[in-house]
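Below: one structure, written as structure tokens.
What follows is calculated from the coordinates using simple rules that are stated; it is not laboratory data. Since this is a predicted model, take the numbers as computed values, not measurements. Here the Cβ positions follow ideal geometry from the backbone for every residue, glycine too, while neighbour counts run over all protein chains shown.
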Amino acid sequence: MTSFNPLEEKGMPMEKQFRNWAELNVMPYDKEKVDPYTQTRVITLNGLEMESIVYSHQFARHCPSNEIRRQLALVRRVEQQQQKAVNWLTPGDASNLEVTIGYEQVAVDLTAAVAQKEPDAYLRQAYEFGLLEDFDHLYRYADLMDLLEHKKAEKIVDTLTEIMPGRPTIMEHRHPYDDVRMPMDAKTAAPESVLHALTILGAEQQTMNYYMNVGNRPTEPIARALYQEIAQIEEQHVTHYESLLDPTTSWAEGLVWHEYNECYLYHSFMNQESDSRLRRMWEIHLMMEIEHLRMACELMKQIENRDPAEFLPKTMPQPLVFQSNKDYVRRVLAEQVNLTADLENVVPMEQAPERYRMYQQMVNGDGFVPSEAVIDEIVRVSGSDYRLEINGEHPVPNFQRPMALQGRGR
């Protein structure tokens, strides 16, 4: 792929960026035919747009200049339209659980892709830590969908992502102090590190928001309970990932990084998209984002007398690619499944601080844990849990199915 620098490209003029209602009310993809990674790109880009919109609103709330707030409002209105076009690609006939499986496939394969590209060891560990928890969420929701809707998650993830236990969700309930990580120094960090943190934060934040809104829609108590439990872990993950960002970054510099990251992901996804209609949408949005980036750079020059070209990469980093990560996830599982956190550090479970046990007792003390109850119920009803173990048995012996359950009814 040839080098690409959005600072040197000509974007779409702002006066041409607004679309009418018919243009925004796009035809959704066909859930029966969609490429699994087309769906994950849609979910990721929806989260990306949501993060940029929320950031712009927060910037406006901390800005005394109406001139700057008007510029933020102008760009934000277009990004709201982009978000609608992207989010409306998700079909209405997909159940909340089917969409949830897509969200968790994003969490697994996007985080795995970022972790393998991340040059900083501490940040890479942070991504691998979260990866194993989202991998377990995929397993729990897949079993819930099999139990309640009699649908197999493999219809959604294909053979690209395995489904089996990760770090058990019951082990993920940590005291809030232990989800705050050490921030990077944006002045010395690799540009990829900033982009990675913004990308995973946007994806996890959107997952948190989705579960906060749809978790109360099921009628079955066990489904409502599972969404409630995992939604709490997604709050922990947003805390975990946002704390990696440099808190000394100015509002204007943060805006530049958000716009650059949108250029980065639309460019990455445009070049791997298999659906020609969506590829054209990603291309159009990229042209819009190039102009948004130019405007953000000019704003930073105006406010801080700093040229963003001094810290932005000269050419765009290697694209972020959705691809199967089965072997990598298995390796991380085998090496890190028994980890937890003590303040900013990842530690073995036996070194968990006392507040971990205290918090566990508070949330799990009555003996009912929804993520465990879902598996118990499907084993009771069907004879075994639902798994999609493509590359063989679980790499952690303790998490392999008992011989008595292997092959029963699954």
Problem - Where only alpha carbons of region 50-108 are counted, the Rg and the Dmax (Å) - result: 15.7, 45
Practice task
Using only alpha carbon positions, build the gyration tensor of region 110-250, then give the equivalent ellipsoid semi-axes as the square roots of 5 times its eigenvalues, largest first, whole angstrom.
Solution key: 29, 17, 12
Exercise for the section: Would you kindly derive the ³J(HN,Hα) couplings of region 249-265 from the backbone phi angles with the Karplus curve 6.51 cos²θ - 1.76 cosθ + 1.60 (θ = phi - 60°), listing them in order in whole Hz, with x for Gly and Pro? Expected result: 5, 6, 4, 5, 5, x, 5, 4, 5, 4, 5, 5, 5, 5, 4, 4, 6
Problem - Ratio Rg/Rh [Cα only; Rh per Kirkwood] for region 79-186 - result: 1.03
Exercise for the section: Mind jotting down the distance between the C-alpha centroids of region 80-106 and region 188-240, whole Å? Expected result: 14
Practice task
For residue 31, enumerate residues with amide H under 5 Å from its amide H, sequence gap 5+ or separate chain, H modeled in the peptide plane.
Solution key: none
Fill in the blank from the handout: Distance in Å, no decimals, from the C-alpha centre of region 135-169 to the one of region 329-355 is 23
Completion exercise
The equivalent-ellipsoid semi-axes of region 268-314, taken as the square roots of five times the Cα gyration tensor eigenvalues and listed largest first in whole Å, are 30, 12, 4
Practice task
Starting from the amide H of residue 243, placed 1.01 Å from N in the peptide plane, find each other amide H under 5 Å away whose residue is 5 or more places distant or on another chain.
Solution key: 181
Handout entry: Charge dipole (region 285-331, unit charges on Cβ, about Cα centre) - positive-most of 311, 322, 297
Key = 322
Exercise for the section: Please list the equivalent ellipsoid semi-axes of region 295-410, computed as the square roots of five times the alpha-carbon gyration tensor eigenvalues, in descending order and whole angstrom. Expected result: 44, 24, 16
Handout entry: aspartates and glutamates whose Cα lies under 17 Å from that of residue 301, excluding same-chain neighbours fewer than 8 positions away
Key = 8, 67, 253, 259, 291, 310
Exercise for the section: Evaluate the chain: find the radius of gyration of its Cα atoms, find its Kirkwood radius, and give the ratio Rg to Rh. Expected result: 0.97
Handout entry: Rel. contact order, % - alpha carbon contacts under 8 angstrom, at least six apart, region 25-89
Key = 59
Handout entry: Vicinal HN-Hα couplings computed from phi for region 307-314 (Karplus, 6.51 cos²θ - 1.76 cosθ + 1.60; Hz; Gly/Pro x)
Key = 9, x, 4, 5, 10, 6, x, 5
Practice task
Please work out the C-alpha center-to-center distance from region 246-263 to region 296-328 and express it in whole Å.
Solution key: 9
Practice task
Assuming a ≥ b ≥ c are the square roots of the Cα gyration tensor eigenvalues, decide whether region 260-341 counts as rounded (a/c under 1.5), prolate (otherwise, with a/b larger than b/c) or oblate.
Solution key: oblate
Exercise for the section: Could you pull out the pairs from 84/151; 31/314; 84/187; 33/84 whose alpha carbons sit more than 32 Å apart here? Expected result: 31/314; 84/187
Completion exercise
Restricting to Cα pairs under 8 Å and 6 or more apart, the percent relative contact order of the chain works out to 24
Exercise for the section: Give the relative contact order (percent, whole number) for region 70-217; include only Cα pairs under 8 Å separated by 6+ residues. Expected result: 26
Problem - Debye log10 I(q)/I(0) for region 11-133, one point scatterer per Cα, at q = 0.15, 0.19, 0.20 Å⁻¹ - result: -0.89, -1.09, -1.12
Problem - the chain, helix-only ellipticity at 222 nm - DSSP H runs n ≥ 4, -39,500 (n - 2.57), divided by all residues, nearest 500 - result: -19500 deg cm²/dmol
Problem - Using θ = phi - 60° and Karplus 6.51 cos²θ - 1.76 cosθ + 1.60, couplings along region 375-389 (whole Hz; Gly, Pro as x) - result: 5, 4, 6, 6, 5, 5, 7, 10, x, 6, 7, 9, 9, 10, 9
Exercise for the section: Return the single residue from 64, 313, 395 with maximal mean-square fluctuation; model: Gaussian network over the chain, springs between Cα atoms under 10 Å. Expected result: 64
